[in-house]
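The values are calculated or read from the model by the stated rules, or taken from the named source; none is laboratory data. It should be emphasised that the depicted structure is a prediction, and the values quoted were computed from it without experimental measurement. Neighbour counts run over all protein chains shown; Cβ positions are idealised from the backbone, glycine included.
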Amino acid sequence: MRYILMTLLLFMTCLSVSFAGNRNGDVEARIDSLMSRMTLEEKVGQLNQLDGRRNLPYIEQLLRTGGIGSIMNITDPEEVDRLQKIAVEESPNGIPVIFSRDVVHGFRTMLPIPLGMAATFNEELVYDGARMAASEAYEHGIRWAFAPMIDVSRDARWGRIAESFGEDVLLNSRMGAAVVRGYQTDSPGAPHTVMACAKHFVGYGAVEGGRDYNTTNITERQLREVYLPPFKAVADAGCASVMTAFNDIDGLPASANGFVLDSILRKEWGYDGVTVSDYGAIGELMKHGVARDREEAARLALLAGTDMDMATKIYTGHLPDLIREEIVPESALDSAVRRVLRLKFRAGLFDRPYVGPDLNGGVASSENMALAERVASESVVMLKNDGNVLPLGRAVRKVLVTGPLADAPHDQLGTWTMDSDTSLTVTPLDALISGYADDVEILYEPGLLYSRDKDTSRFGALRSKASEADVIIAFLGEEAILTGEAHSLADISLKGMQSALVELLSSAGKPLVTVIMAGRPVTAVGEISKSDAVLYSFHPGTMGGPALADIIFGKTNPSGKLPVSVPVHAGQSPLYYSQKSTGRPAAKIRSLDDIPRNAYQSVLGHSSYYLDVGVKPLYPFGYGLSYTEFDISEPEPDDTLLSRSDTLRFSVTLTNSGHADGAEVVQVYVRDVHASLTRPVRELKDFRKVFLKKGESRRLQFSLPVSSFSMYDINMKEVVEPGEFIVYVGNSSTSGHSFSINVR
Ligand code: BGC
């Protein structure tokens, strides 16, 4: 017995030593030992990431010599294991490669696009979605996912707004951290986890005019207050890697930008994860015009702090000579290699290099589908519901389903869907027929076959079906191809003949429910005004159909909130709630038609708005309706005189005073009323999504450290300046009760 106990104790001690060791000291020692055996070329090889879709025989050759550290875009588990075997068994030091992929919003089972995930305002749900995506990707051999994208995006023209969590700093921070935790978990490297990669560092969302890859114009203060905080948040959440952006920041392309990569990320934040360039971005240093040739590009990128070279072979081509000639110090290479090896240890690759047999066959399982449906349903934002047209009631007998997105299995998945399977998609038409056709007659006539369709030859048939129906549901929006990378638009109104389709439908005199499925906030003032109810669904993924059908028929209550302002017109871009007041905030707004002819200039006053489209969004950030009513009581602060090291504590009572169970997102905004520099009119500082049964009330306590109200002063020092702050508590960025606090 004693022997058994001793053995058990010894075994447990060994286990804990190896576990602790794996996490820190021991790993560093193993990296030291590996690096002492690696040649210069093998070290540089670790920094080389290539696209497995191109020239595989060459990649295999590199695997044998240790000339490659990571392979992208191979998702056949057997192929992954075949290639890995070469690295592990034939390369000089047996270092496994790390397989990577853009796992942006699901893998096989597609979640809503990230903008839709943000609309849930539900971090736990986004965490669960990320867990699911990680698990499906892992089963395909992926250990490194290029997500989350946490570029604060304030310009709806930018195609990549679809991939972001929207316009707000805090929302990007919290959703980004939820994805990182979901991918990596508390035990990174365990089966079914993948390493996360926060992108794009930094300022990519600020591309001028919303044109992808364009230059940016970001002051250091904006960088620190708007674009960097989400990256800091995910770094604090343990995000294993960061991808550099394509854009330049104050003249220096991100992959050669030592200010952001080295001074801020490494030195200020002490970040020890890997940095990887974006696809081909080191080569683009030449197109940007800051590197004369590939050799200079290699030198600039490595010295700035870009560890891994995605897809150009510039590092392998030039770093060995640059180091031998002492133009680049070997210490810079060693630091980068150490970080890449550390990533591989963290990913558990040295213990479990192969996909192997530990799969549980969970890809696209019914649990995953149910989760995708839950995320999709919480991502739907109800913008309008005149006369409580929704949910459809028992009196409805015949429903006409129409529009180019009603049955578009590919388009409803959105951008970044390489690993999806459209045969799994359940469209709104499918879901309405399978879930509701026993109770109501479903008529279907798409009217238009795709979002850009200009062919109105089906309109005749549509008109006659519209005359038969009790209610019309039109699914409008954007095809997936109009959104995402390199798919920016100057005009973000609904394309093709969609406006004419709405015109026709509204002339039928039946209640018109419009569902917009898009990769961005589109401008649809006319279409929305002609509709009785509007549901905004960002491309909702595989299970978007049932999510929407159940909302339409009231089985679920919409609870999404806008993660971006919906503009009236693209000309308002960039548009975001946390704008500055300006010296002349919009006062009396005159519409173009009100302006008298031959009037002298001053009749219009002198304030900041557009004569033709005003200044306000059609719907503000944080907005979204429900089938029930919520009341938020006057906030009750514990104390309103606070010092900078205090925490502001207050409580409110949230009551579901309507007739349905539902969820509300209580949002807390702060305004620094008077400071040494201009401050945004409001900034989101906290939010909480709360589900309440009808008639139920709940007391909610909020605690906000006063330090979170900070700004960067003229000396670029992070400070909380004394004085008055207004705290707003409401259910959108334009509503709510407020109270003032004074910070000493
Ligand atoms: C995109 C990245 C992506 C990379 C790898 C680039 O074009 O900007 O977001 O991770 O390709 O696919």
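Pairs meeting the criteria (first residue in the range 587-600 and closer than 18 Å to Lys616 by Cα, second residue modelled with pLDDT of 90 or more, beta carbons under 6 Å, at least 6 apart or on different chains) are Ala587/Ser607; Ile589/Tyr609; Ile589/Gly614; Leu592/Leu611; Leu592/Asp612.
Tyr58 fulfils the conditions (1) in contact (Cβ under 8 Å) with a residue 24 or more places away in the chain; (2) out of contact with any Asp or Glu (no Cβ under 6 Å at 6 or more places or on another chain) except for a single criterion, (1).
Of the residues making up the range 408-451, just one is charged (D, E, K, R) and within 13 Å of Glu479 (Cβ to Cβ), namely Asp411. Taking the criterion of being polar (S, T, N, Q) and in contact with a Ser or Thr (Cβ under 6 Å, 6 or more places away or on another chain), the residues of the range 686-715 that qualify are Ser697, Gln701, Ser703.
Considering only residues in the range 97-154 that are among the charged types (D, E, K, R) and not in a helix (DSSP H, G or I), the one that is nearest to the ligand (Cβ to nearest atom) turns out to be Asp102.
What's the total number of residues in the range 563-574 that are within 21 Å of the chain's Cα centre (by Cα) and closer than 13 Å to Gly209 by Cβ? Total meeting the criteria: 2. Annotation: of all residues in the range 299-317 being surrounded by 23 or more Cβ atoms within 10 Å (Cβ to Cβ) and over 21 Å from Ala240 (Cα atoms), the one that is nearest to the ligand (Cβ to nearest atom) is Thr312.
To keep it simple, each residue is scored yes or no on (1) in contact with a helix residue (DSSP H, G or I) (Cβ under 6 Å, 6 or more places away or on another chain); (2) within 22 Å of Asn73 (Cβ to Cβ); (3) not assigned by TED's automatic domain parsing to the domain that holds Thr216.
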residue: Ala133; (1), (2), (3): no, yes, no
residue: Glu139; (1), (2), (3): no, yes, no
residue: Arg143; (1), (2), (3): no, yes, no
residue: Met149; (1), (2), (3): yes, yes, no
residue: Val152; (1), (2), (3): yes, no, no
residue: Trp158; (1), (2), (3): yes, no, no
residue: Gly166; (1), (2), (3): yes, no, no
residue: Thr193; (1), (2), (3): yes, yes, no
residue: Ala206; (1), (2), (3): no, no, no
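Here the range 184-209 is the region considered, the condition is being farther than 26 Å from Asp491 by Cβ and within 14 Å of the ligand (Cβ to nearest atom), and the residue that is surrounded by the fewest Cβ atoms within 10 Å (Cβ to Cβ) is Lys199.
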